[in-house]
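First the structure, in the form of structure tokens, and then the observations on it.
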Amino acid sequence: MNNLSKELLRNFESAHKEDIETITQVLARITTKSPDEIKPHLDAMLERLVQPQQVQRPLYETATPEELAQVFREWAESHDRNSPLLSDYAVSRESIYSDEEL
């Protein structure tokens, strides 16, 4: 955990001290655990929840052309080759815009 995350957690815990205590008491009441046993689990969960999330960049921004080609091939091969093909009419301009003739 980096310093920014630690500080965020400290600020969060101080701002929500009463709520965290209430949650700890409720968990103790509905489980067979004591508040002292629950606190480390709650702290770990809060630590994960408060940490700023890393923004994952899309594949097209980070992949090489070779990686993109490989991912595309894998995607294409994942489709059923026995799927029926569409008719020429189904993909024609006439079928797409047939509603406009009314």
Inset, instruction - Mind listing whichever residues of segment 48-99 are surrounded by 10 or more Cβ atoms within 10 Å (Cβ to Cβ), under 30 Å from PHE12 (Cα atoms) and polar (S, T, N, Q)? - result: GLN51
Inset, instruction - Output the qualifying pairs, or none if there are none: Cβ atoms under 7 angstrom, residues six or more apart or on different chains, first residue in segment 82-102 and hydroxyl-bearing (Ser, Thr, Tyr), second residue at pLDDT below 90. - result: TYR89/SER95
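Quick check on PRO40: is it modelled with pLDDT of 90 or more and touching a Ser or Thr at 6+ places or on another chain (Cβ under 6 Å)? Explain how you work it out, then say what you get.
Working: modelled with pLDDT of 90 or more: yes; touching a Ser or Thr at 6+ places or on another chain (Cβ under 6 Å): no.
So PRO40 fails the test.
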Inset, instruction - All but one of (1) surrounded by 10 or more Cβ atoms within 10 Å (Cβ to Cβ); (2) free of Cβ contacts under 8 Å to residues at least 24 places away in the same chain hold for PHE12, so report the exception by its number. - result: (2)
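The values are calculated or read from the model by the stated rules, or taken from the named source; none is laboratory data. All figures in this text were calculated on a predicted structure; none of them were measured in a lab. Neighbour counts run over all protein chains shown; Cβ positions are idealised from the backbone, glycine included.
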